[in-house]
1. Could you say which residue among V306, V286, V301 is in contact (Cβ under 8 Å) with a residue 60 or more places away in the chain and at negative phi?
2. Of all residues being farther than 18 Å from G90 by Cβ and among the hydrophobic types (A, V, I, L, M, F, W, C) in the range 3-27, which is nearest to the chain's Cα centre (by Cα)? Just the residue, please.
3. Within the range 113-136, can one find any residue that is out of contact with any strand residue (DSSP E or B) (no Cβ under 7 Å at 6 or more places or on another chain), acidic (D, E), open to solvent by 40 Å² or more (accessible area, probe 1.4 Å) and under 28 Å from D20 (Cα atoms)?
4. Please go through (1) open to solvent by 80 Å² or more (accessible area, probe 1.4 Å); (2) without any contact (Cβ under 8 Å) to a residue 60 or more places away in the chain; (3) over 24 Å from D110 (Cα atoms); (4) not acidic (D, E) for K172 and return the number of the only condition it doesn't satisfy.
5. Does S305 meet the test of being of a type outside the set (F, W, Y), open to solvent by 20 Å² or more (accessible area, probe 1.4 Å) and modelled with pLDDT of 95 or more?
6. Spot the failing condition for E199; the list is (1) under 16 Å from R282 (Cα atoms); (2) open to solvent by 60 Å² or more (accessible area, probe 1.4 Å), and only one is missed.
7. Only one of (1) touching a Gly at 6+ places or on another chain (Cβ under 6 Å); (2) among the acidic types (D, E); (3) under 28 Å from G247 (Cβ atoms) is not met by E148, so which one is it?
8. Run D103 past the list (1) closer than 29 Å to N211 by Cβ; (2) in contact with a Ser or Thr (Cβ under 8 Å, 6 or more places away or on another chain); (3) open to solvent by 20 Å² or more (accessible area, probe 1.4 Å) and report the number of the one that doesn't hold.
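The values are calculated or read from the model by the stated rules, or taken from the named source; none is laboratory data. Please read these numbers as outputs of a predicted model, since none were measured by experiment. A quick note on method: Cβ atoms are made from the backbone with ideal geometry, for glycine too, and the neighbour counts reach across all protein chains shown. With ligands, DNA and RNA removed, areas are computed over all heavy atoms of the protein, side chains included. Shrake-Rupley method; radii C 1.70, N 1.55, O 1.52, S 1.80 Å.
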Amino acid sequence: MNDRMTTPWGEFALTRFPEDPRDRLRAWDASDAYLLAHLAELGVPLTGTVVVVGDRWGALATALAAYEPTQITDSFLAQEATRANLARAGVAPGTVGLLTTQDPPPERIDVLLVRVPKSSALLEDQLLRLAPAVHEGTVVVGTGMVKEIHTSTLKLFERVLGPTRTSLARQKARLIFCTPDPALRPGASPWPYRYVLPEGAGPASGHTVVNHAGVFCADRLDIGTRFFLRHLPDTRGTQRVVDLGCGNGVVGTSVALANPDAEVLFVDESFQAVSSAEATYRANGVPGHAEFRVGDGLSGVPSGSVDIVLNNPPFHSHQATTDATAWRMFTGARRALRPGGELWVIGNRHLGYHVKLRRVFGNSRVVAGDPKFVVLKAVKHDR
């Protein structure tokens with residue numbers, strides 16, 4: 001959806017990535033507008049090093065591009081959206097610094113703007129990573145919709161950075177104001193987190209999982225993945241297998257443990273997730289062949305080059321429920337698979353993925369199911 005955001009620095013046409021004219025979700029919301037209005041109304045000096053954390057589709061970085069901010073994001077899609085929105089606004093490449101949550105942050109931060117993420121663990125990890133660069137004069141402002149900001153959110157800012165308060169709500173958005181306290185010693189980040197898989201997790205039982213902050217079910221094996229691990233396909237020989245939307249990589253690692261001859265590609269749009277997948281794979285000393293890629297699903301994978309795709313598609317985009325990601329994953333899988341190749345999907349029964357798979361592949365079969373989850377298989381046939 002191409003939607004214009006009016007700010008004190010001009011009006012900007014913003015889109016999500018990948019751009020889809022059918023997508024009715026905006027690339028900005030009231031919390032972005034509230035933060036920008038606050039900066040202008042109070043005349044906050046945007047000098048020195050300006051850092052924008054968690055900018056979901058580049059709305060903040062694009063509006064503030066004149067101040068050459070640095071954006072830090074966990075999302076490949078958000079980073080690509082930012083590039084596109086900056087180009088659309090006529091901003092020269094390199095004006096805005098684009099960092100990931102895995103990159104070293106700037107050594108000094110004079111203005112820190114934080115779009116509160118859905119994951120409190122990711123917020124904690126990022127604040128702890130940024131705290132050494134914050135000084136007594138740093139302006140710290142967070143923003144989010146009212147439903148995204150909780151008492152625990154404020155306590156986290158206060159514990160890591162200093163005294164914290166909130167604004168009144170405006171259009172269901174709220175701001176967070178934090179005064180840095182140089183005397184605080186919040187300590188190191190507890191992430192990444194490691195645990196050993198319990199029995200009943202298929203070939204990966206008893207092996208180590210490594211999770212960076214913000215990865216789905218970072219402190220335990222979720223019941224859907226546990227069910228999937230018990231019903232994975234029997235791969236043999238040098239098959240090329242993709243763990244699509246890999247998260248911490250436990251599914252792809254399980255395949256590699258069962259078949260060291262398999263070539264496993266781990267793909268996710270989250271930099272935290274792909275780092276977790278690689279750490280999980282390395283921690284278990286798997287002797288196979290693996291590749292780790294951050295990107296938009298299978299868009300960079302050659303057509304007809306894959307034997308099996310394993311997928312647990314998300315059905316949320318931030319706070320919005322949507323099946324757009326699942327559709328892109330399913331259509332991308334069909335393109336990337338060789339004739340006779342298979343897509344295996346785990347999902348909640350109520351999501352009705354079998355209908356989507358039949359529309360994309362022309363077929364869908366239930367491999368296993370329980371009252372909550374279902375494992376489906378679709379085979380690529382020539383049409």
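1. Working: V286 fails: in contact (Cβ under 8 Å) with a residue 60 or more places away in the chain; V301 fails: in contact (Cβ under 8 Å) with a residue 60 or more places away in the chain.
Testing whether each residue is in contact (Cβ under 8 Å) with a residue 60 or more places away in the chain and at negative phi leaves just V306.
2. Here the residue is F17.
3. Checked against the condition, which is being out of contact with any strand residue (DSSP E or B) (no Cβ under 7 Å at 6 or more places or on another chain), acidic (D, E), open to solvent by 40 Å² or more (accessible area, probe 1.4 Å) and under 28 Å from D20 (Cα atoms), the range 113-136 yields no hits at all.
4. (2)
5. Details: of a type outside the set (F, W, Y): yes; open to solvent by 20 Å² or more (accessible area, probe 1.4 Å): yes; modelled with pLDDT of 95 or more: yes.
Criteria met by S305.
6. The single condition E199 does not satisfy is (1).
7. Checking E148 against (1) touching a Gly at 6+ places or on another chain (Cβ under 6 Å); (2) among the acidic types (D, E); (3) under 28 Å from G247 (Cβ atoms), the one that fails is (1).
8. Condition not satisfied by D103: (2).
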